[in-house]
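Only the coordinates and a few stated rules stand behind these numbers; no lab work does. All values reported here derive from a predicted model rather than from experimental measurement. With ideal geometry, Cβ positions are generated from the backbone for all residues, glycine too; neighbour counts draw on all protein chains shown.
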Amino acid sequence: MQTANVNLPITVTGRHVEVTEAMRDFAHKKVEGLHLDYPRIIEAKVILDVQNKTRQLAEIILFCANHITIEASSETEDMYKSIDETISKIARRMRKYKTRLLKNHRPRANESIKYLNEQVYRPDIPELDAAPEAPEVEPVIVHKENYRVRPLYQDEAIMEMELSERSFIVFRHAKTEKLSILFRRTDGDYGMIEP
């Protein structure tokens, strides 16, 4: 039985720090030691960032089979400790993904969606004193990225959200073929927008 990832392409890069051979070996050993059950890791990227002596960040991104991307990051005062914490987060997310996959959360044909009546309450807001107007700043797009829209079921989209640290996911609902947006609410639950 295979207990370590063999010939796994691992890229270790440093920001604001020169990556020593010891740090590179430590990161390689930790990533190769991740369990092999599921999902199968295809490629791994480790990014080490030193912002100052007390803020050392380790970020790990795993590209796995079935288009699964698992990412996590940790920030501590020691780089090796940051790598350990990040590996722990990654391992937890991999176990969670496998557990959810085994439970097979596919929607059943006889299940129905519970609808609640929507009510809008008008808050009584006292009028505020007129504050001096600040000059308007025109918004500018500071970051643009390509985003692949995949067909997913609702439970698969939630699983994908839990594996990444993103605050939303755009997907095509596999059952209805409609474009949907799943987002993380401030109370910890999820919200979904369907046009």
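With neighbours defined as other Cβ atoms within 10 Å of a residue's Cβ, the residues H67, H143 order from fewest to most as H143, H67. Taking 7 Å steps out from each Cα toward its Cβ at V142 and V50 produces label points 2.7 nm apart.
Taking the alpha carbon gyration tensor of the stretch 151-193, what are the square roots of 5 times its eigenvalues, largest first, to the nearest whole Å? Spell out each step's value before the answer.
Values: eigenvalues 60, 22, 12 Å².
So the equivalent ellipsoid measures 17, 10, 8 Å along its semi-axes.
One decimal place: the segment V149-E165 gains 4.0 nm when fully extended, by the rule 0.36 nm per residue minus the C-alpha distance. Rounded to the nearest whole Hz, the Karplus-based 3J(HN,Hα) values (6.51 cos²θ - 1.76 cosθ + 1.60, θ = phi - 60°) of the stretch 172-183 follow the sequence 9, 4, 5, 8, 9, 6, 8, 6, 9, 10, 9, 9, with x at glycine and proline. Please give the FRET efficiency for E118 paired with K96, using the beta carbon to beta carbon distance and R0 = 45 Å, rounded to the nearest 0.05. Efficiency, rounded to the nearest 0.05: 0.85.
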